[in-house]
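> Encoded as structure tokens, here's the structure I'll be asking about.
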Amino acid sequence: MAESTDLQAVLARFLPELAAEQRLDGQRQKVSRHLGQCRTPALGGMHWQCDRCAYAQPIYFACRDRHCPRCQQRASRRWAERQSQTILPVAYYHLVFTLPHGLNGWAQLHPAVLYDSLFAAAAGTLKAFAADPKRLGGELGFTAVLHTWGQTLTQHIHLHCLVPGGVLTPEGRWRTAKGHYLFPVRALARQFRGRLASLLRRAARTGALSRVAPADVDHRLAELMRTEVVVYAKPCLGQAETVVGYLARYSHRIAISNARILGIDGESVAFRYTDYADGHRAKVMHLAGVEFVRRFLLHVLPRGFMRIRHYGFLANRCRRAKLARIGACLARPEPTAEGAAAGRVADTEERYPCPACGTGALRPGALLPAPALAPPRRESG
């Protein structure tokens, strides 16, 4: 097996072959370039030196692309730390809404339309159930995160929704949710299916699904209404630390992490995956390198697409005021200025220990500029 066994090495070896076989759009070309240059001299960097011994080394800049496994771990941690300020002292529910696999082909043709429709159908369903006076009769708040992959990098487009267990009533009071799964999942699934079909039919009428034949629209949507759609619901979570862990786990996850890639063997890539159909057993798959890269690039998001969205009383435009109201109802103390400042200090005092002596810390020195590059070739798409 090759020494380097990360995604960057896999792309360096097999991407040129894939690009020779099929046309890659501009967004996928850009993401591939970013991941190939991450932490390399191509992006420049800084010369770091130990403050105790003579050890010195260059550290190159990160690409910060949201599809990069090297960059997303730190981004996930920081995002979760910010979101921890919005965690309520209530039970939380985890629900998953999945796009029926029969629509995966449409998602390749019009990804933004399908993903937006999935968000809208799931959000509309949860809001309608929460507002129903026979259920909770108020405004729900929740965070939804889009994932587009399965464990073997195939298309499995779904939303993870993390929902505080209660609503803010029109009178400004907090009403706690009862029950183990928030809402009946079969009833949720039926309404979700109807909303999704309606949204997609409207998109077809307005020309947003122009690459899909009208006959295919009618066939697929009729098939969708005959399909039993499943909404997954996990029992509620009670502790704030557990909720923050969930946020960090799902928020910035990408299709595959470097830790799951075991190596390149000949013309194939070996990687770990969890087989949920076989009792969640850990297994190893050997996939042709070109096919591995093709599957990975299926999960490149459209440019500027928001894959993390907040709804209801957690929406950005009203979150502060409504959380303050809910906090007053729950008698939750507001975060102090000292606590927020301590969090900022801890973030700025990140330390890089010296790998040579183990006692010193690496300090930044001279800038290492990126090499002068030729003007980029115009990319299609």
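> Does any residue of segment 237-246 turn out to be surrounded by 15 or more Cβ atoms within 10 Å (Cβ to Cβ) and hydroxyl-bearing (Ser, Thr, Tyr)? Write out each step before concluding.
Taking segment 237-246 as the starting set, the residues that turn out to be surrounded by 15 or more Cβ atoms within 10 Å (Cβ to Cβ) are 237, 243-244, 246.
Those left that are additionally hydroxyl-bearing (Ser, Thr, Tyr): 246.
Yes; the residues of segment 237-246 include at least one that is surrounded by 15 or more Cβ atoms within 10 Å (Cβ to Cβ) and hydroxyl-bearing (Ser, Thr, Tyr).
> Residues to consider are 88, 15, 95, 11; find the one that is surrounded by 18 or more Cβ atoms within 10 Å (Cβ to Cβ), assigned to a strand (DSSP E or B) and touching a residue at least 40 places away in the same chain (Cβ under 8 Å).
Values: 88 fails: assigned to a strand (DSSP E or B); 15 fails: assigned to a strand (DSSP E or B); 11 fails: assigned to a strand (DSSP E or B).
The conditions single out 95.
> Among the residues of segment 58-69, is any of a type outside the set (Lys, Arg), surrounded by fewer than 18 Cβ atoms within 10 Å (Cβ to Cβ), in a helix (DSSP H, G or I) and under 18 Å from the mean Cα position of the chain (by Cα)?
No, every residue in segment 58-69 fails to be of a type outside the set (Lys, Arg), surrounded by fewer than 18 Cβ atoms within 10 Å (Cβ to Cβ), in a helix (DSSP H, G or I) and under 18 Å from the mean Cα position of the chain (by Cα).
> Does any residue of segment 137-154 turn out to be among the hydroxyl-bearing types (Ser, Thr, Tyr), touching a residue at least 24 places away in the same chain (Cβ under 8 Å) and farther than 30 Å from residue 295 by Cα? Break it down stepwise before answering.
Within segment 137-154, the first condition is being among the hydroxyl-bearing types (Ser, Thr, Tyr), and the residues that meet it are 143, 148, 152, 154.
If we keep only those that are touching a residue at least 24 places away in the same chain (Cβ under 8 Å) as well, we get 143, 148, 152, 154.
Checking the rest, the ones that are also farther than 30 Å from residue 295 by Cα come to none.
No, there is no match, as no residue in segment 137-154 is among the hydroxyl-bearing types (Ser, Thr, Tyr), touching a residue at least 24 places away in the same chain (Cβ under 8 Å) and farther than 30 Å from residue 295 by Cα.
> Just give me the residues in segment 123-142 being part of a helix (DSSP H, G or I) and either at pLDDT below 95 or more than 16 Å from residue 315 (Cβ to Cβ) (or both), in sequence order.
125, 128, 129
> Out of all the residues in segment 123-164, which are within 17 Å of the chain's Cα centre (by Cα), more than 23 Å from residue 245 (Cα to Cα) and surrounded by 22 or more Cβ atoms within 10 Å (Cβ to Cβ)?
153
> Scan segment 84-108 residue by residue and report those that are more than 16 Å from residue 326 (Cα to Cα) and at pLDDT below 75.
Answer for segment 84-108, where residues must be more than 16 Å from residue 326 (Cα to Cα) and at pLDDT below 75: there is none.
> Kindly indicate which of 230, 185 is within 22 Å of the chain's Cα centre (by Cα) and either modelled with pLDDT under 95 or more than 30 Å from residue 75 (Cβ to Cβ) (or both).
Details: 185 fails: within 22 Å of the chain's Cα centre (by Cα).
230 is the lone residue from the list that is within 22 Å of the chain's Cα centre (by Cα) and either modelled with pLDDT under 95 or more than 30 Å from residue 75 (Cβ to Cβ) (or both).
> How about segment 247-304: which strands (runs of 3 or more DSSP E) wholly inside it have at least 1 residues that are of a type in the set (Gly, Ala, Ser) and exposed (fewer than 15 other Cβ atoms within 10 Å of the Cβ)? It would help to see each step written out before you state the result.
Values: elements: 261-265, 268-275, 281-288.
Fully inside segment 247-304 and qualifying: 281-288.
> Counting only residues that are surrounded by fewer than 22 Cβ atoms within 10 Å (Cβ to Cβ) and in contact with a helix residue (DSSP H, G or I) (Cβ under 7 Å, 6 or more places away or on another chain), which one in segment 169-191 is nearest to residue 255 (Cα to Cα)?
Among them, the one singled out is 191.
The values are calculated or read from the model by the stated rules, or taken from the named source; none is laboratory data. Note that this is a predicted model, so its numbers are computed, not measured. All Cβ positions, glycine included, derive from the backbone under ideal geometry; neighbour counts span all protein chains shown.
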